[in-house]
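**Q** Right, I'll just put the structure down here and ask away after.
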Amino acid sequence: MNTSLTTSMGAPNRILKGFWSLLLGFAFLLTGLASTQAQPTLLVDPAGAGGFELGNSFTANGWTVANSANNPWIMGTANTTAPFAGNSAYISTDGSTPGYLNTAAASNFFWRDIVVPAGQERVNVSFNWLSGGESTWDLWQVFFVPNTVTPAGSTTYPGSGLSAIPSTLPGAVFVAGSNLQSAAVQTFSGAAYLPAGSYRLVFHWKNDGSGGTTPGASFDNISVSSQASATFTSVATGNWSAAATWGGSVPSVADNAVISAGHTVTVDAAGQAAVGLTVAGTLTFGATPTEFQASNLTIESGGLVNVFQSTTGKTLRVSGNLVNNGRLNTLASSTANGTLNLNGTTTQTVSGTGVWGGTVSNATSTNEVG
């Protein structure tokens, strides 16, 4: 498939992409206001390689494509709704316009390598997108994978699921996934925690070959930057997702969080997590989310973590060290417990002088330490 289908864009389009690049950078700055941080390091420039404006092919922009025979990624100028401008990446069946054949299964990728500097393990990702698709079957996904993993396009469907990681991407970190937004340009902005090192940023399209609404996915203005993880400290009782809980902005999964004494913070949505969590007040669960992930957890004297909501058990996953000098309560009821899951891949330590469950014998845990 010819991926060199466009001419370089003119000055007006470059100005437009530069404007959106400034806006994305400003958004990242606002995200970090909760703590003092070094200036982010730009790893993929949305006005350059991330906007596909360094040349007329994926290769010229530093991207690698892995297409199958069905529904390949191309580069073209068919997307013109702002902030799309000039070149963009999209799924196409005719080599020119966005679209996909929903009767032909596909799993296709494009990616580029990045290096996360030491001390800047909070990796910010943003981009603009459009996509049709089908429920949890036909959709786009974004991952970070180790730089030893090389994606390969296939006509074999990799399996349903918004956040499901294809078996061909071992060690992948899920960043985002979506579909069914093709009328108005959408913006994704999020973060991942990646230890310093080399990775591949992978964009994936999958469709199962039965049903679905064209077009496939389109991407533009991809921005990646790294910075030190922020530390967010609660200033009031409230939901984890509420900016007012943290004094103006919400911690990402790549940040640290401190729940102050006297405050109760409620896990209120799926996917909430922290790199390091210190609980001097109370962490509890709302009805919707089923789990919370912390790399390292410290419960201070007087602090409380409830791994349940009412009489419904929840799951607390800790991949690093756990220090309990307060109380970690998994006792949802006399017949149901929450679960403490130690899911690290290296040696973990569990210590402290605190209380586990109603009594030590009430606590339920599963240990997946390798």
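**Q** Looking at Ala47, Ala38, Ala78, Ala69 in this structure, which one is open to solvent by 30 Å² or more (accessible area, probe 1.4 Å), at pLDDT below 95 and either outside any strand (DSSP E or B) or under 30 Å from Ser160 (Cβ atoms) (or both)?
**A** Ala38
**Q** In addition: Condition first: out of contact with any Ser or Thr (no Cβ under 6 Å at 6 or more places or on another chain) and either open to solvent by 10 Å² or more (accessible area, probe 1.4 Å) or free of Cβ contacts under 8 Å to residues at least 40 places away in the same chain (or both). Now tell me which residues in segment 99-110 satisfy that.
**A** Asn102, Thr103, Ala104
**Q** Follow-up question, since we're still on this one. What tally of residues in segment 204-262 results from selecting those that are open to solvent by less than 30 Å² (accessible area, probe 1.4 Å), more than 28 Å from Ala82 (Cβ to Cβ) and acidic (Asp, Glu)?
**A** Counting residues in segment 204-262 that are open to solvent by less than 30 Å² (accessible area, probe 1.4 Å), more than 28 Å from Ala82 (Cβ to Cβ) and acidic (Asp, Glu) gives 1.
**Q** Sticking with this structure for a sec: On the basis of being part of a strand (DSSP E or B) and small (Gly, Ala, Ser), does Gly216 make the cut? Can you show your working first?
**A** Details: part of a strand (DSSP E or B): no; small (Gly, Ala, Ser): yes.
Judged against the criteria, Gly216 is not a match.
**Q** Inside segment 148-194, can you point out the residues that are of a type in the set (S, T, N, Q), crowded, with 18+ Cβ neighbours inside 10 Å and within 30 Å of Thr81 (Cα to Cα)?
**A** The answer is Asn179, Ser182.
**Q** Turning to a different aspect of this structure: In segment 299-325, how many are open to solvent by less than 10 Å² (accessible area, probe 1.4 Å) and within 20 Å of His263 (Cα to Cα)?
**A** 6
**Q** Take the residues of segment 263-274 that are in contact (Cβ under 8 Å) with a residue 24 or more places away in the chain and outside any strand (DSSP E or B): which is nearest to Leu340 (Cα to Cα)?
**A** Restricting to residues being in contact (Cβ under 8 Å) with a residue 24 or more places away in the chain and outside any strand (DSSP E or B), the top hit is Gln272.
**Q** Further question: Which of the numbered conditions does Leu277 fail, given that it passes all the others? Conditions: (1) in contact with an Asp or Glu (Cβ under 9 Å, 6 or more places away or on another chain); (2) without any contact (Cβ under 8 Å) to a residue 24 or more places away in the chain; (3) surrounded by 19 or more Cβ atoms within 10 Å (Cβ to Cβ).
**A** With respect to (1) in contact with an Asp or Glu (Cβ under 9 Å, 6 or more places away or on another chain); (2) without any contact (Cβ under 8 Å) to a residue 24 or more places away in the chain; (3) surrounded by 19 or more Cβ atoms within 10 Å (Cβ to Cβ), Leu277 is out only on (1).
**Q** Go through the residues of segment 74-83 one by one and say whether even a single one is free of Cβ contacts under 8 Å to residues at least 60 places away in the same chain and of a type in the set (Ser, Thr, Tyr).
**A** Scanning segment 74-83, I find at least one residue that is free of Cβ contacts under 8 Å to residues at least 60 places away in the same chain and of a type in the set (Ser, Thr, Tyr), so the answer is yes.
**Q** Name the single residue that is most open to solvent (accessible area, probe 1.4 Å) among those in segment 116-144 being part of a loop (DSSP other than H, G, I, E, B) and closer than 10 Å to Gly212 by Cβ.
**A** Of all residues in segment 116-144, those part of a loop (DSSP other than H, G, I, E, B) come to 117-121, 132, 135-137.
After this cut, where a residue has to be closer than 10 Å to Gly212 by Cβ as well, the list is 132, 135, 137.
On the way: Gly132: 2, Ser135: 62, Trp137: 101 Å².
So, considering only residues that are part of a loop (DSSP other than H, G, I, E, B) and closer than 10 Å to Gly212 by Cβ, the one most open to solvent (accessible area, probe 1.4 Å) is Trp137.
**Q** Within segment 241-258, work out how many residues are assigned to a loop (DSSP other than H, G, I, E, B) and under 17 Å from the mean Cα position of the chain (by Cα). Can you show your working first?
**A** Taking segment 241-258 as the starting set, the residues that turn out to be assigned to a loop (DSSP other than H, G, I, E, B) are 241-242, 247-255.
Imposing the further condition that a residue be under 17 Å from the mean Cα position of the chain (by Cα) reduces the set to 241, 250-255.
Result for segment 241-258: 7.
**Q** Another question, then. Could you list all residues from segment 165-174 that are closer than 25 Å to Asn102 by Cα and in a strand (DSSP E or B)?
**A** Of everything in segment 165-174, just one residue is closer than 25 Å to Asn102 by Cα and in a strand (DSSP E or B), namely Phe174.
**Q** Kindly indicate the residue of segment 281-298 that is among the small types (Gly, Ala, Ser) and open to solvent by 20 Å² or more (accessible area, probe 1.4 Å) and also farthest from Arg317 (Cα to Cα) among those meeting that condition.
**A** Among those residues, the one meeting the criterion is Ala287.
**Q** Considering (1) at pLDDT below 90; (2) among the β-branched types (Val, Ile, Thr); (3) open to solvent by less than 30 Å² (accessible area, probe 1.4 Å), say which one Val360 fails and leave the rest.
**A** Here Val360 meets the rest and fails (3).
**Q** Continuing with this model, one more query. All but one of (1) modelled with pLDDT under 95; (2) open to solvent by less than 50 Å² (accessible area, probe 1.4 Å) hold for Gly197; which doesn't?
**A** The number of the failed condition is (1).
**Q** To continue, here is another question. Go through segment 218-251 and report how many residues are within 30 Å of Ile91 (Cα to Cα) and not aliphatic (A, V, I, L, M).
**A** So the answer is 7.
**Q** A follow-up question, please. Between a first residue in segment 219-240 that is among the charged types (D, E, K, R) and a second residue that is in a strand (DSSP E or B) and open to solvent by 10 Å² or more (accessible area, probe 1.4 Å), which pairs have beta carbons less than 8 Å apart while being 6 or more apart in sequence or on different chains?
**A** Final answer for the pair search is Asp220/Trp129.
The values are calculated or read from the model by the stated rules, or taken from the named source; none is laboratory data. Predicted model only: the values in this text are computed from it and were never measured. Neighbour counts are summed over all protein chains in view; Cβ atoms, including those assigned to glycine, are modelled from backbone coordinates with ideal geometry. Please note that ligands, DNA and RNA were not included when accessible areas were found on the heavy atoms of the full protein model with its side chains. Shrake-Rupley method; radii C 1.70, N 1.55, O 1.52, S 1.80 Å.
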